[in-house]
Amino acid sequence: MTRALPDERFGEVVGAVLRMRPGCELPSRAAVRAFFERAGVARQKFPERLFEAAEFPRTPSGKIRKHLIRQGIAASILRE
């Protein structure tokens, strides 16, 4: 899942929230960039920041609660 993140220079940059399979590690930013380059994605769409989520919060009907993910990202950025 991708989200817009505030950025002083550009106003906003792309951030990606990843849910990893058990036993897998969060990929490096370089590995993600290489993946997007091979897929032909424009560079401005590459995620600048990566965040890991154990689970995505869901509504009773199973939809992802994106506003809660945004709040988690904001809290993570403030802790830095």
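Structure data summary
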| quantity | calculated |
| --- | --- |
| When residues of the range 1-26 are limited to those that are touching a helix residue (DSSP H, G or I) at 6+ places or on another chain (Cβ under 8 Å) and modelled with pLDDT of 90 or more, the one nearest to Arg58 (Cα to Cα) | Val17 |
| Among residues of the range 1-17, those that are touching a strand residue (DSSP E or B) at 6+ places or on another chain (Cβ under 6 Å) and not β-branched (Val, Ile, Thr), counted | 8 |
| Residue match in the range 40-48 (condition: surrounded by 11 or more Cβ atoms within 10 Å (Cβ to Cβ), of a type in the set (A, V, I, L, M, F, W, C) and touching a residue at least 40 places away in the same chain (Cβ under 8 Å)) | no |
| Within the range 34-51, tally of residues that are in contact with a strand residue (DSSP E or B) (Cβ under 9 Å, 6 or more places away or on another chain) and over 14 Å from Thr2 (Cβ atoms) | 0 |
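Rundown of residues vs (1) surrounded by 11 or more Cβ atoms within 10 Å (Cβ to Cβ); (2) basic (Lys, Arg); (3) outside any helix (DSSP H, G or I), yes/no style:
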site	(1), (2), (3)
Ala4	yes, no, yes
Phe56	yes, no, yes
Ser61	no, no, yes
Ala74	yes, no, no
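The values are calculated or read from the model by the stated rules, or taken from the named source; none is laboratory data. All figures in this text were calculated on a predicted structure; none of them were measured in a lab. We place every Cβ from the backbone using ideal geometry, glycine too, and count neighbours over all the protein chains shown.
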